[in-house]
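The values are calculated or read from the model by the stated rules, or taken from the named source; none is laboratory data. Note that the structure is predicted; figures quoted are calculated from it, not measured. Ideal geometry is used to build each Cβ from the backbone, glycine not excepted, and the neighbour counts take in all protein chains shown. These area figures cover heavy atoms from the full protein model, side chains too; ligands, DNA and RNA do not enter into them. Shrake-Rupley method; radii C 1.70, N 1.55, O 1.52, S 1.80 Å.
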Amino acid sequence: MAVTTPHSAQPAPPPQQAPVNYSTRVDKVGLRPRIASATRAVIAIIIAFIMLIPVFWMGMTAFKSRPDAVSVPPKVFFTPTLEGFVSLFTQRRQLSEAEIAAYNERTDLSWADEIALLRGQAIIGESKFRGQLINSIIISAASTFFSVGFGVLAAYAFSRFNIPGKDDLLFFILSQRMLPAVVVTIPIFLMYREVGLYDTHLGMILLYTSFNLSFSVWLLKGFIDEIPREYEEAALVDGYTRLQAFRKIVLPQAVTGIAATTVFALIFSWNEYAFALMLTSEVARTAPPSIPLVLGTGGIEWAAIAAGSLIFLIPVVVVTFLLRQHLLRGVTFGAIRKG
Amino acid sequence: MTQVTTERASAQLTPMAQRPAARRQLSDANIVRLFILPTIILLILMNIFPLFYSLFLSFTEYSVISETPPRWVGLQNYIDILSDSQLYHNFAVTGRYALISVGLQTIVGFSLAMLLRNKFKGSGFITTLILIPMMLSPIVVAVFWRLIFNPSLGIFNYLLGFTNPNTSPEWLGEPGLALWSIIIVDVWMWSPFVMLLCLAGLSAIPEYLYEAAAIDRASAWFQFRRITLPQVMPLLLIAVLFRTIEAFKQFDLVMGLTGGGPGDATETVSVQLYQLAFQGQFNTGLSSALAYIVLVVIIAISNLYIRALNRVREG
Amino acid sequence: MATIHLQNVEKKFGEQFAVKPLNMTINSGEFIVLLGPSGCGKTTTLRMISGLEAVTSGNILFDQKDVTWLHPSQRDIAFVFQFFALYSHMTARENIAFPLQAQGMPRDQITKRVNEVANMLRIEHILKLRPGSLSGGDQQRVALARALVRRPAAFLMDEPLGALDAEFREGMRAEIKRLHIDQEATTVYVTHDQVEAMAMGDRIVIMSRAEVQQADTPAEVYHNPANLFVARFIGSPGMNLLEGVYESGAIRLPGRNAYEVPDRWRSALESSLPADGRVILGFRPEAVSLWETGQLGARVYADDLHGGYSMLHLELAEGVVIHARAGRDGNYPIGTPIGFDLEPEMVRFFHPETEQALNRGKAS
C-alpha cells in the first residue's frame, strides 16, 4: 500500500514573513497552512451562524407584531414591539368600535394597555403563563435540590464503600434514565390519582427528583471518585468521624462537581415536557406543556409563543455559557473528564 | 483491646472503620445505609413499584377513566399488540428515524469536530454557541421549528428558495417529508453533542503519533485512518449508542412538530404509547403491555451503552 | 552518515528564548548527548534538527545541505520518541515495515530488512504481536527497529529510556550504544539523566536555561566542568563546592579551615578573583583523602553505605556539608571529628560571581 505523499524535492524557501516564534512543525509554516487555518475558522463561524438562525429567528419573532410574525414572505426587517409579550402574559377581550374610541381618550393606561389597545383589545387579567413559569421555577429548584442532595450522599457511599451488588445497583439506577417517559408515567398516573398527588407540586417534585437522581448519582460518583481518599483517611487518623470528614473534606472538594450536576439537573427539570404534560393540568402545570398551546383569539399567536419560548430559553443559554467547562462531563454522564 | 466487629455491608477502608460505634459516632456501615436510603426509597417508590404495577396492569383489561376495576386477561394484551401491524409500522418508523437521524448526527458532528479541533481565536466561543441547540427544551424547539417549517410563513422554505406558497414543500404536512422534518430538527439539536464527544477524543490524541507519521512520510489519509479514527472510535460509539437510545425514546419533538401525523407517518412508538394511554380509550392495560415491550428493547440497547461507558471511563 | 551543523540556531516563544543562538557541529558517526534539566532547551534543539520544530532563526545543515526548511521526512533521519509512538492497530512487523513501504521498497526486500533488524534487536518472536500486548521494553525495541530499518543518515532520540522501568534502562543503554557502533550512525540523544549521558556519549552537550553550558567529552565534563552548573549537575553526587576567601596562598573555609592552594593555581587566583578575594573551591568526593592529621577538619554527619564504598557526609560548619568517598574498611561513627586532605590534581576553582571555572594557566 503506497502511502507516500508527493513532497517536492527542493527545500521550501525560508518564509519571508515574521520569524517563527511559536511552536510549530517545519511544514506548517508559511502561507498555505495559514490560509487553511483561516478557512477553517471562517467555515466554523458560518456553520455556527447557520445553526443559530432558528434561535435568532424565534428571538426576532418574539418582538414582532402579529401581522409581521405571519407575513408572507417572512420579514427580516421590522419594527420591534412588545405585543407578543403582552399577549403571553395577559388575557384580553376584543373591544367594540365605541369602546376603542373611549379607551383612546383615556390617559391612565399602562404601557401594556396601550399595546393591547393597538390591536383593539383590553386587558382583563393575567394569563396562566406567569403562574406556570413560577411552577417551573419552584418544581425545578426543589427537585434539583433534593436530587443533588440525596445524590451526593449516595454517590459518596458508592464511591468509598463496597456495597454488595454495587455495580448492578448502579447499572439499574442509570438504566432508569433510559426509559421513555411514557412508560413510567402510566403507572405513576394511576398511583398519583389514588393518593391525590395528581396535578400537585409535591407530586411533580417527587417524580423529577427520582428521575434526576439516577443521573446525579452517576455524575457525582465520578467526581467523588477523583478526590483522593488519602484526605479523608488522614482526617480519620486525626480523629475526625467519617461524617465530619465527609462534611469538611469531601464536600468542599466536590463543589465543582456538585455545581455541574446541579446545572444539569436544573436544565433537565426545566425543559421537561412529557411528565408535565401527563401528570399536571391546572394547578401544578409548568411552562413547557403550555407553550405550544398559547392560542389567541383567531388563530395561533406566533409572537406570543415566540415570546414564551424566548423567556424560557434565556436561563438555559446563560447557564450554558457559564458552565461550558462542565458540559462535556455532564452530557456524557461523567464518562469523560475533559471540559 | 477493642473488639473488632465485622459487618456484612462492609465498609473497608481503614482500621478505624472496624472500631465499634462510639457513643456519638455512627459506624461506617450505618452511614452507608443512611446515605443510600433516600435514593433507594425514591427508587423503589417511583421506579420499581411502578414497574411492577405496570407489569400487573399489562395482564389486565383496564381503563383509567372507567369505574370498573382491572380484569385479568393474561397475555391477551400482548397478543393484541404483537399481532397489530400498527406496532410494526411504528417500530419501523422509529427505527428509520433512529437510523437516519443518528447517522446524520454522526457525520455532521464528526465533521464539525474535525473542523474545530485546531484551536483558533474564538474557537472556544464558537463551540459554546454551537452547543446551545442541544440545551434547549425539545418541545420549545419543536414549536418554533413549526413556524420555521411553515410552507408559506416559514424561513426554511424561504431560505431554500421556495418563494411561491403554492409549490413550496409542506414539511410537516406531507407524509413523505414529515419524518425528514423531525430528523432535520433532531440533527440540528444533537450534532453538537456528537461534536463535543469527538472533540474530546480528538484532543486526547498525542501529537507524537502524528509526528512519527510525518517522519515516516505517511499520507494524510493514512494518518486519519490509523491514528485519528481508532482514537476517536470509543467516544463516537458512546455518542451513537446514546443518541440511538434517545431516538427510541423520542417524544417531545414528535409531539411538538407533528403530533404523530400526518396520519401515522411520524407515529413513533412513544407517541403510540401516549395515544393509547392518555387519549381516546385511555386503554391502560393495552398500553402497559406495549410499554413493557418497549422497555425490553431499550434495556437491551442501554446495556450496550452502559458497558461502553464503563470501558471508556476505565481508560 | 551525516555531519550535522547548527549555525546560530535559535528558538523563541514570543520574546522568550527556548534555545539561545546555538552553534554546534556533530561529526559523522558521533554519539552526541544533549543533557540538561527539564526546560533547558535540549528537546527543542533535537526537534529543530528533526524538523518537528521550526527554527526562529539560524540554519541547519546535513553534510553541507541546508535542511532548515525541509520536511522531516526528507531529512533522512529517524526519530525515536519517549512514548514509543507505535501504531496500535498494526503488528510490530507492520510498524517496522512502514517507513520502507512509504519509500516504495519492493516487498521481499522489506521483509528481508525487517527480519535483519528484528534479529539485531532480538524481537523476532514478537513481530506478529500488537504494541498493546508488549512490555515497555519490547515496545521501545520495536520503535528502535523501526528507526534502524531505514538506515538513516542520523538517529534522533528523545529520552527513549524515560518510560521504561529502571531495571531495563541499563541493559537498553548498552544495546543502543552497541547498535550505534554497529551501524556507524550519527546519533543525537536527549536525556536529563546524567548517568546515562556519561555512560553513552562520545560528547556531551550540557544545556541549562536555553544555553549550552559546556560541550565536551564525558571525561572533560567530569574533571573540568566549565561552570558551577556543570559541576553540580554532573556526578552523583555533584561536585563539592565550598565558598571561601583567598588570601596570600590560602583559602579560608567554613569551620575554621584554611586550605593551602597548590602552587600551580596561585597566579590564576591572584589575577582572576574579585577584590574581596571570594572564591569557590570545588572537588569531587574521590578527591578527598581522609587523614587524622589532614589539613582540613570536619565532623561526620552521615554515612551512606554503597556496597563497595562509603559515601561520607562531612560537616565543616553549620549547614556546610561535603561528600567524601571512603573505603568500606574505615569506621566513621557519626559525630566524630575527622581530618582530610584534597588531591592537588583534582581541585578546581570557580569565580563566585560569573560562576565560571578558573583557568589554571601555564604550569610552572
What is the diffusion coefficient of chain C in µm²/s, taking the Kirkwood radius over Cα pairs and the Stokes-Einstein relation at 20 °C with a viscosity of 1.002 mPa s?
93
Chains A and B: accessible area buried, summed over both chains, 1.4 Å probe, nearest 100 Å², reads 9800
So if we plug the beta-carbon distance of A:Ile134 and A:Ala38 into 1/(1 + (r/R0)^6) with R0 = 30 Å, what FRET efficiency do we get, rounded to 0.05?
0.05
In nm, to one decimal, how far is the modelled label at B:Ile107 from the one at C:Glu318, with both set 7 Å along Cα→Cβ?
8.0
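Taking the stretch C:170-222, which trypsin sites (Lys or Arg not before Pro) meet the DSSP loop condition and have no more than 14 other C-beta atoms within 10 Å? Don't skip to the answer; put the middle values down first.
On the way: sites: C:Arg173, C:Lys177, C:Arg178, C:Arg203, C:Arg209; in loops: C:Arg209.
Passing sites in the stretch C:170-222 are C:Arg209.
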Quick one: accessible area per residue over the protein assembly as shown, 1.4 Å probe, rounded to a whole number of Å²?
44
Nearest 0.05, what FRET efficiency do B:Gln76 and B:Arg33 give at R0 = 56 Å with Cβ-Cβ as r?
0.85
How are the alpha carbon pair distances in the stretch A:249-294 distributed across 10 Å bins from zero to the largest one, expressed in percent?
25, 35, 20, 17, 4
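For the stretch B:168-303, count the residues as N, evaluate 2.2 N^0.38 Å, and divide the Cα radius of gyration by that value, please.
The reported ratio for this selection is 1.48.
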Mean-position separation - Cα centroids, the stretch B:113-152 and the stretch C:228-284, in angstrom:
71
Cα convex hull of the stretch A:149-281: mean projected area in nm², to one decimal?
9.2
The answer for GluC sites (Glu not before Pro) in the stretch C:155-208 that fall in a DSSP coil and have at most 12 neighbouring Cβ atoms within 10 Å is C:Glu184
In the structure shown, do any of A:Lys221/A:Lys248; A:Lys221/B:Lys119; C:Lys65/C:Lys177 have a Cα-Cα gap over 20 Å, and if so which?
A:Lys221/B:Lys119; C:Lys65/C:Lys177
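If you wrap a convex hull around the alpha carbons of chain A, what volume per residue comes out, as a whole number of Å³?
Expressed per residue, the convex hull around the Cα atoms of chain A is 313 Å³.
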Please give, to one decimal in nm, the separation of the simple spin-label points placed at B:Lys119 and C:Val195, each 7 Å out from Cα toward the Cβ.
3.8
Which of the lysines could a cross-linker bridge to C:Lys42, judged by Cα under 17 Å and excluding same-chain residues fewer than eight apart?
C:Lys11, C:Lys12, C:Lys20
Normalised convex hull volume, the stretch A:68-115, alpha-carbon set, Å³ per residue:
113
So how much slack lies between A:Ile46 and A:Tyr22, counting 0.36 nm per residue of separation and subtracting their Cα-Cα distance, in nm?
5.8 nm
What share of Cα pairs, in percent, lie more than 29 angstrom apart in chain B?
57
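Take the Cα atoms of the stretch C:232-360, build their convex hull, and give its volume per residue in Å³.
Taking the convex hull of the Cα positions in the stretch C:232-360, it is 110 Å³ per residue.
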Can you tell me the FRET efficiency between C:Glu170 and A:Ala259 if r is taken as the Cβ-Cβ distance and R0 is 56 Å, rounded to the nearest 0.05?
0.65
Here the averaged projected area of the stretch B:100-234, based on the convex hull of its alpha-carbon atoms and given in nm², is 10.6
Whole-percent tail of the Cα-Cα distance distribution for the stretch B:179-257, cut at 15 Å, equals 64
Put a dot 7 Å past each Cα toward the Cβ at C:Glu355 and C:Ser267; how far apart are the dots in nm?
3.0
Please check: in the Gaussian network model of chain B (C-alpha springs, under 10 Å), which one of B:Ala291, B:Ala214, B:Ala239 has the largest mean-square fluctuation.
B:Ala214
Counting each DSSP H run of 4 or more residues in the protein assembly as shown as -39500 (n - 2.57), what helix-only mean residue ellipticity at 222 nm follows after dividing by all residues, to the nearest 500 deg cm²/dmol?
-16000 deg cm²/dmol
Where in the stretch B:281-297 is the amide nitrogen less than 14 Å from a point lying 7 Å along the Cα-to-Cβ axis of A:Arg193?
B:281-288
Roughly how compact is the protein assembly as shown, stated as its Cα Rg over 2.2 N^0.38 Å to two decimals?
1.25
The stretch C:180-206 to the stretch B:249-308: how many Å between their Cα centroids?
69
What number in nm² do you get for the stretch C:21-76 if you take the convex hull of its Cα atoms and divide its surface by four?
4.2
Where the eigenvalues come from the Cα gyration tensor of the stretch A:109-206, what are the semi-axes √(5λ) of the equivalent ellipsoid, largest first, in whole Å?
44, 18, 12
Longest to shortest principal axis, alpha-carbon extents of the stretch A:196-240, angstrom:
51, 22, 9
Please check: in the Gaussian network model of chain B (C-alpha springs, under 10 Å), which one of B:Tyr208, B:Tyr158, B:Tyr305 has the largest mean-square fluctuation.
B:Tyr208
